[in-house]
């Protein structure tokens, strides 16, 4: 099965002698697809902010979930309109299913990951991916004092050059490293991919800040055990080479989940 920007999902029969393709039409571009563990349902996210639910047995559309109001997050510093009216952050980039097929997890161009009930087609919970204000798209409302007639203060050059001499490249010939590096744009928070663990109790989400791991069980908490500065991979290898296998095993598994 493959999803495409031509607004279709194509089901391929790789074992047939002839090329057999079944096409599932959508109302918008398909961004991500996921198959239920039992293989009976297919889920697809579209650019219009919907999740399509298909029955794979007869390719029948079981229903859709409207997600535009669930996913939209904060504003960028360059946005001229409120976040709820933007189309940029109202769709999911990735979707996955829990092992029992009862729940859906999805993430997109906002600071939220959403959990849905498949049978009722409703939002159960939103997980906050970050509160890091150095990233774009975190704040719901922008500070109007940071907006000038030329745009956001962060994007306006405070000391514009008055002559062409200021624009001369003074780097040394043959130098491989630049004399100065300045970031001109700020990173925006977004979720690229989301996957759930086999036990259905935790999930991982690849975001702008890195890979974040969450648990659905609120009774669990992180408790490091014998975690010190000398607990490294090299120390574990040294213990293993010296024949201290139990100590090496403890160093490797220094982080455990306590209940």
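As a proxy for reagent exposure, 126, 133 were ordered by neighbouring Cβ count within 10 angstrom, fewest first; the result is 133, 126.
Label-to-label distance for residue 55 and residue 85 is 4.3 nm, based on points extended 7 Å past Cα in the beta-carbon direction. Taking other C-beta atoms within 10 Å as the exposure proxy, 103, 91 rank 103, 91 from fewest upward. Taking 0.36 nm per residue of separation and subtracting the current Cα-Cα distance, fully stretching the chain between residue 187 and residue 235 would add 13.6 nm.
Cβ-to-Cβ counts within 10 Å put 90, 41, 121 in ascending order as 121, 41, 90, the fewest first.
Here, each number is a calculation from the coordinates, and none is a lab measurement. What you see is a predicted model; the values in this text were computed from it and never measured. Glycine also receives a Cβ, built like all others from the backbone with ideal geometry; neighbour counts cover every protein chain displayed.
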